[in-house]
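Report on one structure; see the data block that follows.
The values are calculated or read from the model by the stated rules, or taken from the named source; none is laboratory data. Small disclaimer: the values here were computed from a predicted structure and weren't measured. A quick note on method: Cβ atoms are made from the backbone with ideal geometry, for glycine too, and the neighbour counts reach across all protein chains shown.
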Amino acid sequence: MPEEIRHIPCGAKTRAGTPCKRTDISTNGRCKYHGGHSTGALTSEGKARQLEGYRRWQREKAENLQK
Ligand SMILES: [Zn+2]
C-alpha cells in the first residue's frame, strides 16, 4: 500500500448514513467493505452489466422512498 494513502478514511456512506471511518483502505480509496478490493468492471460488457445493476438499484431505492 502506498504510504501517502495511509490514515485517509474510506469515506464511503454506510448503511447508517455516516461516512465509513475505516483507514485500512485499498489503492482505489475504499476499505475492503466498500469495494476496495474490486477493480470494477474492466470490459465494456462488464461495464454495461454494472450500469444495469446500478440503474435497478436506483429504481428500487426510488420505489422504497415512495412507501
Ligand atoms: Zn469503507
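Taken together, the residues in the stretch 26-46 that are without any contact (Cβ under 8 Å) to a residue 24 or more places away in the chain and near the ligand (Cβ under 9 Å from one of its atoms) amount to 5. The set of residues in the stretch 31-45 being part of a helix (DSSP H, G or I) and at pLDDT below 90 consists of K32, Y33, H34.
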